[in-house]
Amino acid sequence: MKLRKNNKKRFIFYKILSALLIICSVIFGGIIIYSNMLPSKYLSIILLVIVVFDGFNIFFINIRKLKRKIKRVMSSFMILAIILFSLGTFYLGKTLNILSNNVNSKYKLVNYSVVVLSDSKYKKLEDISKKDIGYIDTSTGINDALTKLKNKINFKEQKYNGADEMYQKLLDKNVDAILLEDSVKQILQEEFTDFDSKVKVIYNFTIKVKSNLKVKEANVTEEVFAIYLSGIDTYGKISSVSRSDVNIVMFVNPKTSQILLISVPRDYYVQLHGTKGSKDKLTHAGIYGVDMSVKTLEDLLDCDINYYIKVNFTSVIDIVDVLGGLDLYSEYTFISYSGFSFKKGMNSVNGEQALDFARTRKAFAQGDRQRGKNQQALIEAIVRKATKKSVITKYNSLLDAINGKYQTNMSTKKITSLIKMQLDKMPDWTITSYSLTGTDANNYTYTYNQLLYVMEPDQNSITEAKELISKFLNNEKLESSYKEIGGTSNKVFKTSSGESTYNNSNSNNKVTQKNTDIKKEESNQKDNSKITDDKISEKKEEKELIEEDEEEKDTRKEEESSSLEEEIQKEDEEIIENSQLEEKE
C-alpha cells in the first residue's frame, strides 16, 4: 500500500516536472523568436535541441517501468534545463526592456534653477513672490519654464539679452532673482570663479520639451546609415539638456564592415540650424536639445543623420569599467585633466582614466583638435573590446552599466537587428577617423550675445570631410586609421599620424615626481601658439620606437622606458626651437 502511494507521488512529481519543462521551454523559445537577435542558423539549432530534449525526457520519464535511478538522473537534467530556460528568459527580457527604456524620440528634459544672492534674505521660492525675476529668452523651453514657475508664485518678469548682463543685474541688486537653465549656469560658473560663493539656489525644477527631430529610418543591416554621437558635459541623468562637448558623426557601412568617424570640435563657429544673425559654438547647439545638434551638423557636412546616441560622463566610466578596461592609443605623452599620465603608444585604462583621456585638451598645442582625435581613439577602443566574443561573460554587468546611461532614437528593432548581424557574420570592423580643423578666434555668439572664444572653420578640412563621406556612401574602401599587427605583447598601431610600436602595459598611474619634466615640457608646448600644423605632423610621422626580439625584451624593458621619455623630450624641444626661430624670422 505504502509502495503504491510512493509510486503515485513520484508519478505526480514527474507530471509536474514535465509540465514546468514545457512551459519554460515555450516561453524561452518564444522570447528568442520575439527578440529577433539570433541568426536563423543558431535559432534553428536551439529550437531543435529544445524540442528533442523536451520530447525525449518527457516521453521516457513517464514510462512506469523505467528504472528509478535512470528517472532520477533524467529529473536532474530536467530541473537544470528549467533553471537554464528561466535564466535565459530573464536575461533576454531584461535586454529588451533596457533597450526599449533608453529609446526616446519624443521629448527632452530641461533643468532650471531659481538663483538669488548668497547673502540675501530669500531662502525658499515663496520668499520671492511678487519680486522681479530675470531671464534670457534664448534658453530652451523658457516659456514653459516661466509658465511652470507662475503656477507656483506671482512675480515680475525681467528680460535680458545675455547671461552676463543678467548676472550683473543680480549682483547690482537691480533684480531679486534670476532663472537659469543648467547649461547657462555652468557657463557662468566657468566664466566667474566666485559664482558659487556669490549666489545660492532656492528652487530647482524640470520641464519637458517636445523634440522636433524626425527619425530618418534606414535598413541598418543592408545600407549605410549615420549616427550622431553626443557626449554631454554632465554626470547623472542622461535625459537632461546640456552642452555637447563630444560631437562625432559615425557613418556605418554594414556591407563593407567599415566605420567612418567625423569629429567636429566643440567650439566650431557654425550657424545653428534655423537661426539668423550671429553664428555660435557647436557645443551650444546641445543647449537647445540633440535635435538642434543633429540639424546643425547636417547643414555643416551636407549629409543626412539617421539616428543619435547621447551619453554623459557617467556613461563612459561605467561602460569602460564593465568591459574590464581598455587599451587606448595616444599620439602624445601628456598629463591629463585630472592628473593621470599617458605615454605615446598604447595605454591600459579604467573608466575614470578613459574619461579623462577624452576630456583633456589644454595639454596639447592643438587643443580641442587633439581632444577630438582622442575621443575617436576611445570609440575605436570600445568597439574593438565590445565586439570580442569574450564580452559575453560580462553580459549581465554590461546590461546594468548601460541601463539609463545612454539615450537614442534608434528603435529596439533596429538595435536587435544589428546585434543579430554581428552574431551572424562577426565582422572585423575597419575604422577610419577624420577631424575638422580651424583657427582660434573670438566672436559674438547667438546664444549669449557676447564675445567668446570660438574656432573659425577651415573650409578645406570641411571639403575633405565631405569627400570622405561621399566615398564612404559609394562603398569605396577607406584606409584604416587603426591597424593592429602581432600578438598581445608586441603590436603596431597605425594611425593617421604614422606608426608606433608599443609594449602592452599599464602606464596610467597618478602623476609622480618622475613626470614633472614632462608636464613642464607640455605646458611650454601649449603656450607656444606659433607651432605650425606641419611641424606637428612631422613629429607624428617619425618613428620613435623600434621592434625588438622577444628574447631581448625582458632585459631591455627598463632601458626602453627611460629612452622613450628622453626621445620624446628631445623631439619636442627641437620642434619648439624650430618654431621659435620661425617666429624671429
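The values are calculated or read from the model by the stated rules, or taken from the named source; none is laboratory data. Computed from a predicted structure; not experimentally measured. Ideal geometry is used to build each Cβ from the backbone, glycine not excepted, and the neighbour counts take in all protein chains shown. Keep in mind that these areas ignore ligands, DNA and RNA; they rest on the heavy atoms of the full protein, side chains included. Shrake-Rupley method; radii C 1.70, N 1.55, O 1.52, S 1.80 Å.
Quick look at the values:
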read-out	value
Lys130 being of a type in the set (Lys, Arg) and touching a residue at least 24 places away in the same chain (Cβ under 8 Å)	yes
Selection from segment 293-340 of residues that are among the basic types (Lys, Arg) and open to solvent by 20 Å² or more (accessible area, probe 1.4 Å)	Lys295
Whichever residue in segment 434-476 is among the hydroxyl-bearing types (Ser, Thr, Tyr) and more than 18 Å from Glu298 (Cα to Cα) and, among such residues, is most open to solvent (accessible area, probe 1.4 Å)	Tyr444
Residue match in segment 390-397 (condition: more than 30 Å from Leu43 (Cα to Cα), surrounded by fewer than 18 Cβ atoms within 10 Å (Cβ to Cβ) and free of Cβ contacts under 8 Å to residues at least 12 places away in the same chain)	no
Cβ-Cβ under 6 Å pairs, at least 6 apart or on other chains, segment 133-156 side within 12 Å of Val110 (Cα to Cα), far side open to solvent by 30 Å² or more (accessible area, probe 1.4 Å)	Thr140/Tyr288
Unique residue being of a type in the set (Lys, Arg), out of contact with any Cys (no Cβ under 6 Å at 6 or more places or on another chain) and free of Cβ contacts under 8 Å to residues at least 12 places away in the same chain when the list is Lys214, Lys198, Lys208	Lys214
Considering residues of segment 32-43 that are open to solvent by less than 30 Å² (accessible area, probe 1.4 Å) and hydrophobic (A, V, I, L, M, F, W, C) only, the residue modelled with the lowest pLDDT	Met37
Criterion: β-branched (Val, Ile, Thr), touching a Leu at 6+ places or on another chain (Cβ under 9 Å) and either loosely packed, with under 12 Cβ neighbours inside 10 Å or at pLDDT 85 or above (or both) - qualifying residue of Ile63, Ile46, Ile12, Ile58	Ile46
Selection from segment 274-313 of residues that are without any contact (Cβ under 8 Å) to a residue 60 or more places away in the chain and within 16 Å of Val209 (Cβ to Cβ)	Gly274, Ala285, Met292
Options Gly134, Gly162, Gly141; residue that is more than 20 Å from Leu272 (Cβ to Cβ) and crowded, with 16+ Cβ neighbours inside 10 Å	Gly134
Within segment 354-385, tally of residues that are of a type in the set (A, V, I, L, M, F, W, C) and farther than 20 Å from Val249 by Cβ	6
Hits in segment 117-159 - residues which are of a type in the set (Ser, Thr, Tyr) and under 35 Å from the mean Cα position of the chain (by Cα)	Tyr135, Thr138, Ser139, Thr140, Thr147
Cβ pairs under 7 Å, 6+ apart, first in segment 12-33 and of a type in the set (Val, Ile, Thr), second in a helix (DSSP H, G or I) and open to solvent by less than 80 Å² (accessible area, probe 1.4 Å)	Ile22/Asp54; Ile27/Thr89; Ile31/Thr89; Ile31/Leu92; Ile31/Gly93; Ile32/Leu43; Ile32/Ile46; Ile32/Leu92
Residues of segment 87-114 that turn out to be among the polar types (S, T, N, Q), open to solvent by less than 50 Å² (accessible area, probe 1.4 Å) and assigned to a helix (DSSP H, G or I), as a count	2
Top-ranked residue in segment 363-389 [being open to solvent by 40 Å² or more (accessible area, probe 1.4 Å) and under 18 Å from the mean Cα position of the chain (by Cα); ranked as farthest from Asp321 (Cα to Cα)]	Lys373
Residues of segment 194-206 classified as outside any helix (DSSP H, G or I) and under 15 Å from Ser118 (Cα atoms), total	6
Flag if Lys69 is open to solvent by 50 Å² or more (accessible area, probe 1.4 Å), part of a helix (DSSP H, G or I) and in contact (Cβ under 8 Å) with a residue 60 or more places away in the chain	no
